[in-house]
1. If only one of A:Gly156, A:Gly141 is over 30 Å from B:Ala297 (Cβ atoms) and either at pLDDT 95 or above or more than 10 Å from chain C (Cβ to nearest Cβ) (or both), which one is it?
2. So how many residues does the stretch C:135-157 have that are of a type outside the set (D, E, K, R), within 11 Å of chain A (Cβ to nearest Cβ) and touching a residue at least 40 places away in the same chain (Cβ under 8 Å)?
3. Hey, could you check the stretch B:185-227 for residues that are farther than 24 Å from C:Ile83 by Cβ and of a type in the set (Gly, Ala, Ser) and say which is farthest from the other protein chains (Cβ to nearest Cβ)?
4. Hey, among A:Ser92, A:Ser45, A:Ser108, A:Ser80, which residue is farther than 22 Å from A:Asp171 by Cβ and within 11 Å of another protein chain (Cβ to nearest Cβ)?
5. Considering only residues that are within 12 Å of chain C (Cβ to nearest Cβ) and either under 18 Å from B:Leu176 (Cβ atoms) or in contact with a Lys or Arg (Cβ under 6 Å, 6 or more places away or on another chain) (or both), which ones fall in the stretch B:228-245?
6. Taking into account only those residues within the stretch A:1-26 that are over 26 Å from the mean Cα position of the chain (by Cα) and of a type in the set (Ser, Thr, Tyr), which is farthest from the other protein chains (Cβ to nearest Cβ)?
7. Read through the list (1) touching a helix residue (DSSP H, G or I) at 6+ places or on another chain (Cβ under 6 Å); (2) free of Cβ contacts under 8 Å to residues at least 60 places away in the same chain, then give the number of the only condition that B:Pro123 fails.
8. Residue by residue through the stretch A:167-199, note down the ones that are in contact (Cβ under 8 Å) with a residue 60 or more places away in the chain and either assigned to a helix (DSSP H, G or I) or touching a His at 6+ places or on another chain (Cβ under 9 Å) (or both).
Amino acid sequence: MNQYFDMPSDLQHSYVGLIGLHLQEALLPVLFGLLIALPLALVCSRFSWFYAPVLWVTTVLYAIPSLAFFVVLLDYTGDSTTTVMIPLTVYSLVLLVPAIVEGTRAVSPDTVAAATAMGFGSLRRFVQVELPIAVPAIMAGLRLAAVSSISLVSVGAIIGNEGALGNLLHDGQIYHRDPLIITSVVTTAVLAIVVDGLLVLAQVLLTPWQPHGRRAARRAARAAAVDEPAAPRDAVTDAVPAALEDAVR
Amino acid sequence: MNSHVKNTWSSPRNIRLAAVAIAAVTAAPLLASCSSSSGSKDPLAASKPKAGTVVVGSNNFPESILIGDIYGEALKAKGVNITYKPNIGTRETTYGMLKNGSVTVLPEYNGALLAYLDPKATPTTADATASAIAAKLDPKLTLLDPAPAEDKDSVTVNAATAAKYHLTADSTIADLAKYGNEITFGGSPEFQKRQQGLLGLKSVYGLTPKSYKALDVGGPLTEAALKNNNVQAADIFSTDTTIAQEKMVTLKDPKNLFGFENVVPLVSKTGLPQNGVDALNAVSAKLTTQALLDLNAQVQNDKKDPLAVAQAWLKSAGLA
Amino acid sequence: MNILNFLNTFFSDGANWHGANGIPHRLLEHIQYSAVALAIAAAIGLPIGLFTGHTGRGGYALSAFATGARALPSFGLLVLMTIWLGQLGTTPAMIPLVALAVAPILVTTHEAIRSVDPAPVDAARGMGMTSPSVLFQVELPVALPLILGGLRSAAIQVVSTATIAAYISLGGFGRYIIDGLASHTYSDVVGGAVLVAGLALATIGVFWLVGRLVVSPGVRRGR
């Protein structure tokens, strides 16, 4: 009997099945969050007076603990993965809207003016100019959303076996099988790191115009060192701008 | 940085590429997850069982999961189409799910169920318990035959406390009441608000503990807290294998506060076909307290999977 | 049965206002868990972030560390620490909360120092200021608003996540949510959720006040 990977029958999934379920419960909400955040961010960047109230609402929503959110939804969506995915969608939204808005706002006014001069309407300019330039900021938001979503799914275990890998925590406790708890924590952490890595990779592919990787960063740093000795910045930490961390309230 | 950007940002090909890449990166693990979890049911459909499928639920402690597995496997053996919804939560949650039809069969304990339905009821016999439940039960639900097996809530003190206050297996909860202001009591969060809990301990036995520590449903937190003397007395299930192992003392309950706790299937009237009813009654006829203790020990001490334990017992009892 | 009814039931229940399970006591517990966790996280994150930000070294290690810390599932870590460290006491709850708070504090502090305008830093060096003086008298005051932002972000996540401490029989506002779920008393769950959210918003207020008090007016005007 393999004490780490023999899943208790009440979970109704193999180890691999639980990983699949976990990814689904964690990442579908991020995808939905992104799909909702894009138009919302467009509106916020078009009408800047709209941004402050949106930030306030999302901040309040983000302050609601996931557990309470799950429990309140139980009455409406039942003991199902939907109950876990709705709050996670909301949390993703909270991280992504500021990421997109701040990212697109940081686009240089010259660039925007050039696009306008080329006859781009505001929607086309948003989609074809501002969004691509904001990709690093958006990806930073996506990475935070994905990693925190993967972590939060586990809490779903408390509302009745809806926490995918998190269910192993409760089962490990009630069956006195501590190795299951270690399996749960380690697998969840590895999943988060792998997904985060994939998103970094996606960012590299999406922004071919940016210097990437250690060698490129060193090259950029050297180049920068020639012009501006005090400002060698490396490309990776650049992807998590302080402004975004600030927006993640 | 913008100087790098200027040449490429407006190329539509790049943007389309970007969109495709985002979609691919986000979708890849999801697709992978769908294929890897094939064979298990669609989790999104978990709360909406197909018509004709019997959903066997259970509460969030091992014995309930085990008995749920026994019911489920017994039904399967008679050709009833079932799905499991194990390890859900507390009675307060599972009763609601039975009412709204998302669960068809649930292992219950008659006394605890009655205390939930009618906190003021104090039946003195098992039959009175059954009729009192019938009067209060939701019209869509019914109880099948109760098993002889009983598993009660109990007030159990640890070895140190028993020695300190000279409590033995013959002592009652009333004997502990005198020392109420010296003890911290442990139990599940819901125990605090139940008649078969702190309320009843106070009104029936005059036991008001100095403080209460919300732990879990007679599970590992409670067991450990009692063992380590973080609490001196706790609500633990009478079939818990820790009691004997740790030389704890279960106090007698002469006024039957914790009632008659026979294991009984609570089912939806319309959801379960007659052969299913027969199958579960056959299980109840053979399920004794001793059998339950043995099965619990296999799960708790030998760390066997409850489903395997259930299947083995059904086979040995000639029910599958 | 709407949210307002629940809130009315919860807040008008006299039993919820005194004793060990009263709101004042649970509030103190919640603040205690959050404040201790945040203080420990700040004691780890601030010095490291200031050092790496000032020297410009260790950016990769820092970013890898932050990713690792974020990847740790708080709830899983809580359960794991409970079985490793024993059931009771606050330590098992502190570890996941500190792990949660360290990443934003570390990353923002590092980034805040890195993003200080190089011109005044150069000027300070040119005037012969020592490296620590440059950090504490030039970079830190300028970076302070961003650093406070990181602390605030960490504080909000900690306040919200401290809820799960109730799962291992600790107190705090999470008690209302866990107990409310177990006994299906939704007014307690909603009441608890509103209290946690309220406390998180109050935290934002506190950081705003602190910002007014400690950020140099010159820096504030510049922003």
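The values are calculated or read from the model by the stated rules, or taken from the named source; none is laboratory data. Everything quoted here is computed from the prediction, not taken from an experiment. Cβ atoms come from the backbone with ideal geometry, glycine included; neighbour counts cover every protein chain shown.
1. The match here is A:Gly141.
2. Final tally of qualifying residues: 12.
3. Of everything passing the filter in the stretch B:185-227, B:Gly206 is farthest from the other protein chains (Cβ to nearest Cβ).
4. So the residue among A:Ser92, A:Ser45, A:Ser108, A:Ser80 that is farther than 22 Å from A:Asp171 by Cβ and within 11 Å of another protein chain (Cβ to nearest Cβ) is A:Ser108.
5. B:Asn229, B:Asn230, B:Val231, B:Ala234
6. Filtering first and then ranking leaves A:Tyr4.
7. So B:Pro123 meets the others, but not (2).
8. A:Asn167, A:Leu168, A:Asp171, A:Pro179, A:Leu180, A:Ile182, A:Thr183, A:Thr187, A:Thr188, A:Leu191, A:Val195, A:Leu199
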